[in-house]
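First comes the structure, then the notes that go with it.
The values are calculated or read from the model by the stated rules, or taken from the named source; none is laboratory data. Just so it is clear, the structure is predicted and the values come from calculations on it, not from any experiment. We place every Cβ from the backbone using ideal geometry, glycine too, and count neighbours over all the protein chains shown.
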Amino acid sequence: MNTPTFELQTESLIETIREFQVSNPGVQTSALVYGVAYPELYRELRQWLGQDVSSQRLSLIFDASSEDHCNQYGPYVVRISATTAQPSSLLTRLAQCCVDDYRAVSFLFSQLAFDDIVAGLRERLDVICDDRSEWQMKFFDTRSLSVLDRALSSEQHEQYFGLAKEWWHIDRYGALNKIRCTDTAVDQYRGPLQLNEAQTAAFVEACLPDSILHVLQLTDDDLVAAFDARTRYRICEESIANAPDDERNSAVLLADRVRSDLLNALDPEEKACR
């Protein structure tokens, strides 16, 4: 993403958040950050906000720090105070992270107290599938939010997203998605989240494009690098969607299919060099 586009998207996100804050004065703004995308950010925020966690502005969902404690790979929540003047430096920093890596940051707008938001998110980690296998729901990776939004039943959706009035994230194509939730002052959700076979399959299907692209980055890195992230994902997603059943059950066949479609999408001059 070039600098002017990045700056425009960041400014647009900040302005949209501030407009929502003004229109909803009783709602608290929090950012949910996935540490894997920005391992050094947690330490930066601790220094910025102060070491005293009693300030209730920064809290880990769970700890996944490096051995030297310099990097934090786990998810955490940051409370963002609404300001009446210019956007806060904290909001600006987190909005930049959100635009720069769509996986990394989502924004929750909730009536709940900060501690209740943190506790509610921890409650939503555990998942049990029909076959009794247990998962951890990585809702802090925004790629999971889109699947949750469309895969849950109406009742599950109301319960699972019930800790917020709205939950925002940027998708991999740069669009701001707003999940509208139940506007309640009490979070009544109790885990674990139970997924049926079809819902489990929806998450498995959603992982396929990223998994195949990872394989191709190991075997055909120059081909994958010929496309920007959004373009190569779109090609991969469409290729998998059009694959027959016998290919969909084989990672090798899917990788071959996507490789072929990527080659076909190259400019003629680049294609001639391969």
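Might you let me know whether the range 212-230 holds any residue that is touching a strand residue (DSSP E or B) at 6+ places or on another chain (Cβ under 7 Å), modelled with pLDDT of 95 or more and in a helix (DSSP H, G or I)? No, that holds for no residue.
Take the conditions (1) in contact with a strand residue (DSSP E or B) (Cβ under 7 Å, 6 or more places away or on another chain); (2) in a helix (DSSP H, G or I); Arg93 misses just one of them, which is (1). Residues of the range 128-179 that are within 16 Å of the chain's Cα centre (by Cα), closer than 22 Å to Val77 by Cα and of a type in the set (D, E, K, R): Lys138, Asp141, Arg143, Asp149, Glu166, Asp171, Arg172, Lys178. A single entry from Ala95, Ala113, Ala85, Ala104 fulfils the requirement of being at pLDDT below 95 and crowded, with 20+ Cβ neighbours inside 10 Å: Ala104. Here the range 212-247 is the region considered, the condition is being under 17 Å from Ala201 (Cα atoms) and touching a residue at least 12 places away in the same chain (Cβ under 8 Å), and the residue that is farthest from the chain's Cα centre (by Cα) is Ala243.
Looking across the range 149-197, the residues that are in a loop (DSSP other than H, G, I, E, B), under 17 Å from Met137 (Cα atoms) and not hydrophobic (A, V, I, L, M, F, W, C) come down to Ser153, Gly162, Tyr189, Arg190, Gly191, Pro192, Asn196. Looking only at residues of the range 57-82 that are within 18 Å of Gln21 (Cβ to Cβ) and assigned to a loop (DSSP other than H, G, I, E, B), we find that the one that is modelled with the highest pLDDT is Arg57. Suppose the filter is buried (at least 16 other Cβ atoms within 10 Å of the Cβ) and not assigned by TED's automatic domain parsing to the domain that holds Val99; does Leu208 pass it? Spelling it out, Leu208 is indeed buried (at least 16 other Cβ atoms within 10 Å of the Cβ) and not assigned by TED's automatic domain parsing to the domain that holds Val99.
Among residues of the range 180-197 being surrounded by 13 or more Cβ atoms within 10 Å (Cβ to Cβ) and under 19 Å from the mean Cα position of the chain (by Cα), the one that is nearest to Val77 (Cα to Cα) is Cys181. The lone criterion from (1) assigned to a loop (DSSP other than H, G, I, E, B); (2) at pLDDT 95 or above left unmet by Met1 is number (2).
For Glu166, are the conditions met, namely being modelled with pLDDT under 95 and either in contact with a Leu (Cβ under 8 Å, 6 or more places away or on another chain) or of a type outside the set (A, V, I, L, M) (or both)? No; evaluated as a whole, the condition is false for this residue.
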